[in-house]
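Note sheet for the following structure.
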Amino acid sequence: MDSREDDGGEPLSRMAEWRDVTPLPQDDGPNPVVPIAYKEEFRETMDYFRAIYKADERSPRALRLTRRAIHLNPGNYTVWHFRRLVLEALNADLDEELDFLQRIANSNSKNYQLWHHRRWVVERLGANARAKELNLIKKILSIDAKNYHAWSHRQWVLQALGGWEDELDYCQQLLEEDIFNNSAWNQRYFVVTRSPYLGGLKAMRASEVRYTVEAILANPNNECPWRYLQGLYKDDIKALVNDPEISSVCLKPCHEFRDSVVALRTSDTDPLGPDLSMAICDILEHVDSLRASYWIWRKNKLSVAAV
């Protein structure tokens, strides 16, 4: 980031417009134990910032000063807060502010203060900023698919400004590119449960189960669709257990599992029955004797569930 963007990097103390301001040094007390060795440009900028902040000066030069301070330290929440006050007081061009934020984000995309400030700006721009925000986040996610800040901001934009119409298709596109993208699965669930155009989870459940089952059959060891499947039945586990489509996908690799179970059998276990889950509990009751009572309880629960 270039702190010389507005003034060529000239020291503030040499600039005519700052001659009326007395810098306010950082107060570390009379005997600081480990004083921080700030660079001169940073020290001077913050000394002037403290003076302006104390005087509550909301002027164009104060806005330029916050820009300089942010370039030197994008994580300073006090500077960001004061910048918002100045922007509001000056009725500044917020589209220009978004451009400024984008330049910061190019090299600091995981900055909490940056995203908080961006939300504040977009709130004031309203629906006119929606398309620009969603496209920006797409670009960020194409580089960093797991950027929490970008996903969080995208969900906020959808809820605050709209744009739900194409979001499920976007999730589909991301999953076609990478079926292991857990962030895209999470966003898909968010859309299915929150979009005002899809009718809610119950209305979408059947089609989403089919999609998820296909994903599981393609990659059985991919944890994402299994977790997603649980989410689709979050408040109705009984329906999950009794769904024949889900049972079929769970039992598809049954022969492979059965061979593994047979290998675990001991001489004192009961003969392997047709119910694989009951057989597993029988075996674990013997090979995991410390938890024998638990496996007996689990077997009894399976009996109840089957009724």
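Laboratory data are not the source of any read-out in this text; all were calculated from the coordinates shown. Treat the numbers as computed from the prediction; the structure is a model and nothing was measured. Note that we place each Cβ from the backbone using ideal geometry, even for glycine, and neighbour counts take in every protein chain shown.
For the chain, which semi-axes, largest first and in whole Å, follow from the square roots of 5 times the eigenvalues of its Cα gyration tensor? Write down the numbers at each step before the final one.
On the way: eigenvalues 697, 125, 48 Å².
Working through the eigenvalues yields semi-axes of 59, 25, 15 Å.
Roughly how tilted is helix 292-306, in degrees to the nearest 10 and between 0 and 90, from the longest Cα axis of the chain?
80 degrees
So what is the 222 nm mean residue ellipticity for the chain from helices alone, if each DSSP H run of at least 4 adds -39500 (n - 2.57) and you divide by all residues, rounding to the nearest 500 deg cm²/dmol?
Value at 222 nm, helices only: -20500 deg cm²/dmol.
Using +1 on the beta carbon of Lys and Arg, -1 on that of Asp and Glu, and nothing else charged, what's the dipole of region 1-133 about the Cα centre, debye to 20? Before the final figure, lay out each step's value.
Details: 21 positive and 23 negative charges, 79 e Å.
So the dipole magnitude of region 1-133 works out to roughly 380 debye.
Against the longest alpha carbon principal axis of the chain, how many degrees, from 0 to 90 and to the nearest 10, is the axis of helix 130-143 turned?
Taking Cα atoms only, the helix is inclined about 70 degrees.
Based on alpha-carbon centroids, what's the gap between region 186-205 and region 124-169 in Å, whole number please?
17 Å
Of the listed peptides 32-42, 171-181, what is their order by residue-averaged count of other C-beta atoms within 10 Å, with the highest listed first?
On the way: 32-42: 9.9, 171-181: 15.1.
Ranked from most to least packed, the peptides come out as 171-181, 32-42.
Taking a ≥ b ≥ c as the square roots of the Cα gyration tensor eigenvalues, with a/c under 1.5 meaning rounded and otherwise prolate when a/b beats b/c, else oblate, which class fits region 1-86?
Values: a/c = 1.40, a/b = 1.35, b/c = 1.03.
It is rounded, given that a/c, with a ≥ b ≥ c, falls under 1.5.
Among 23, 92, 48, pick out the residue whose Cα is farthest towards the positive end of the charge dipole of region 10-92, where Lys and Arg carry +1 and Asp and Glu carry -1 on C-beta, about the Cα centre.
The residue sitting most towards the positive pole is 92.
Give me the dipole magnitude in Debye, nearest 20, for region 88-161 about the Cα centre, with unit charges on the beta carbon: positive for Lys and Arg, negative for Asp and Glu.
Numbers: 11 positive and 9 negative charges, 93 e Å.
Charge dipole of region 88-161: 440 debye, to the nearest 20.
Provide the packing ranking of 9-17, 185-193, 87-95, i.e. peptides ordered by the mean count of other C-beta atoms within 10 Å per residue, highest first.
Details: 9-17: 11.6, 185-193: 19.8, 87-95: 13.7.
Ranking, from highest mean packing down: 185-193, 87-95, 9-17.
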